[in-house]
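Novice: Attaching a single structure in structure tokens format; questions to follow.
The values are calculated or read from the model by the stated rules, or taken from the named source; none is laboratory data. Just so we're clear, the structure is a prediction, and the values are computed from it rather than from any experiment. Virtual Cβ from ideal backbone geometry, glycine too; neighbours counted across all protein chains shown.
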């Protein structure tokens, strides 16, 4: 199979018609064999841009780890592994991250996958224990490397780099160039692919201010949500406590919402992202942890409940909407006592709230939790078959299916989910009894 046919097969598998300009440039530069620094905005398709040349370099006939992708967060690691597997390239992939079952990872490394995706700390654990063999790794990708430095993973990334003595190609990926390239990366005359200045999303993004009469902006936030209606909305706060406080207030007012921050257990973070992705929740409140790297498509509105602490944070928050070819809006909630940072223009158009707006309608989807996942050999097709046969649902009556390590989640029409649970209670999925309940 020639390269063009191979790439076309991947695009067909992931549901994309053609590579964008940035992805095409990356493919050409990687084939030239030089180390690469890719700078491109959030939502521009960076993951596919580095994964396609990566899998093209893998020799599937060799049962050894040939490429390593290092990411700053668990969610990003899981997302990259998912994209890798969806490409259908024949390349085996595995994921290593803190909070994941260690025995599962040890078993994975006994039959090493071609590509490993992982977080810095957990990768160091496996390298130091001798479980992750590094002498066959030829390609290293540091994804969102500036975020890894910001999170304090400098020592871990340096340790990983020092243990990769056979690497021939290094790729550093970022959505910002506001950081100095660390010397430990050992880049050799790197080729820079910079698409930051070509970001078209800001032209499509409308940034407007919403004035709050009170310093406590909760009531204004509620009115804004009611005015916007049932559109996917991501609300940014600066602290975990604020995220929880805003969520408690909104839920008491009848707004169905989800939270996301670093203080939550990994399993709860995964569940929150899924409920937001599949339409079971229109509103998610988060710290800046959700500003970059995560697979949250088609967000229509971003709300800055708190003013961001830096221009970079402001840019990446706004980058969650108006992604690729879509339009989007960002709203900055202000009180007259707020000091507006220099990087936010004070000439924003004011967005007037509808004082008579009612609460958004409840989402048309709910999410079914199934207590079996990948470790129980459950696949998406197993879940779909179960929904058809045991659940007696039609294709249009259930939506996005996500299979995690320990559980599975599937979107179901909200008006059907209670009767569904009654029908499937006590039933087996792939010969295994398990728990079925509405995911919260």
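Novice: Can you tell me how many residues within segment 117-136 are within 23 Å of residue 75 (Cα to Cα) and touching a residue at least 60 places away in the same chain (Cβ under 8 Å)?
Specialist: 1
Novice: If you don't mind, there's one more thing I want to ask. Check 99, 121, 90, 33 and return the single one that is part of a loop (DSSP other than H, G, I, E, B), modelled with pLDDT of 90 or more and surrounded by fewer than 20 Cβ atoms within 10 Å (Cβ to Cβ). Outline the logic, then answer.
Specialist: Numbers: 99 fails: modelled with pLDDT of 90 or more; 121 fails: part of a loop (DSSP other than H, G, I, E, B); 33 fails: modelled with pLDDT of 90 or more.
So the residue among 99, 121, 90, 33 that is part of a loop (DSSP other than H, G, I, E, B), modelled with pLDDT of 90 or more and surrounded by fewer than 20 Cβ atoms within 10 Å (Cβ to Cβ) is 90.
Novice: Would you list the strands (runs of 3 or more DSSP E) that sit entirely within segment 144-245 and hold 3 or more residues that are surrounded by 16 or more Cβ atoms within 10 Å (Cβ to Cβ)? Spell out how you get there, then give the answer.
Specialist: On the way: elements: 169-174, 191-194, 205-211, 233-236.
Ranges flagged: 169-174, 205-211, 233-236.
Novice: Filter segment 246-257 down to the residues that are in contact with a strand residue (DSSP E or B) (Cβ under 9 Å, 6 or more places away or on another chain) and in a loop (DSSP other than H, G, I, E, B), then identify the one that is farthest from residue 364 (Cα to Cα).
Specialist: It comes out as 255.
Novice: Does at least one position in segment 331-339 carry a residue that is closer than 30 Å to residue 195 by Cβ and touching a strand residue (DSSP E or B) at 6+ places or on another chain (Cβ under 9 Å)? Don't jump to the end; show me each part of the working.
Specialist: Looking only at segment 331-339, we keep the residues that are closer than 30 Å to residue 195 by Cβ, and these are 331-332.
Subset that is touching a strand residue (DSSP E or B) at 6+ places or on another chain (Cβ under 9 Å): 331-332.
Within segment 331-339 (the criterion being closer than 30 Å to residue 195 by Cβ and touching a strand residue (DSSP E or B) at 6+ places or on another chain (Cβ under 9 Å)), the answer is yes, since at least one residue qualifies.
Novice: For segment 372-399, how many residues are touching a residue at least 40 places away in the same chain (Cβ under 8 Å) and surrounded by fewer than 16 Cβ atoms within 10 Å (Cβ to Cβ)? Don't jump to the end; show me each part of the working.
Specialist: Initial filter on segment 372-399 (touching a residue at least 40 places away in the same chain (Cβ under 8 Å)): 372, 375-378, 382-383, 386, 399.
If we keep only those that are surrounded by fewer than 16 Cβ atoms within 10 Å (Cβ to Cβ) too, we end up with 375, 377.
Matching residues across segment 372-399 total 2.
Novice: Kindly provide the set of residues from segment 51-77 that are closer than 17 Å to residue 160 by Cβ and assigned to a helix (DSSP H, G or I), ordered by number.
Specialist: The initial filter retains those residues of segment 51-77 that are closer than 17 Å to residue 160 by Cβ, namely 54, 65-74, 76-77.
Selection gives 54, 74, 76, 77.
Novice: Here's something else I'd like to know. Please list, ordered by first then second residue, the pairs with beta carbon atoms under 9 Å, 6 or more apart or interchain, first in segment 235-252 and in the same structural domain as residue 289 (by TED's automatic domain parsing), second in a loop (DSSP other than H, G, I, E, B) and surrounded by fewer than 16 Cβ atoms within 10 Å (Cβ to Cβ).
Specialist: So the pair list comes out as 238/309; 240/262; 240/263; 241/263; 243/263; 244/263.
Novice: Test residue 289 against the stated conditions and say whether it is modelled with pLDDT under 90 and assigned to a loop (DSSP other than H, G, I, E, B). Please lay out each step first, then the result.
Specialist: Working: modelled with pLDDT under 90: yes; assigned to a loop (DSSP other than H, G, I, E, B): no.
Taking the combined requirement at face value, the residue does not satisfy it.
Novice: Between a first residue in segment 9-35 that is outside the structural domain of residue 57 (by TED's automatic domain parsing) and a second residue that is at pLDDT below 90 and part of a helix (DSSP H, G or I), which pairs have beta carbons less than 9 Å apart while being 6 or more apart in sequence or on different chains?
Specialist: Every condition considered, no pair remains.
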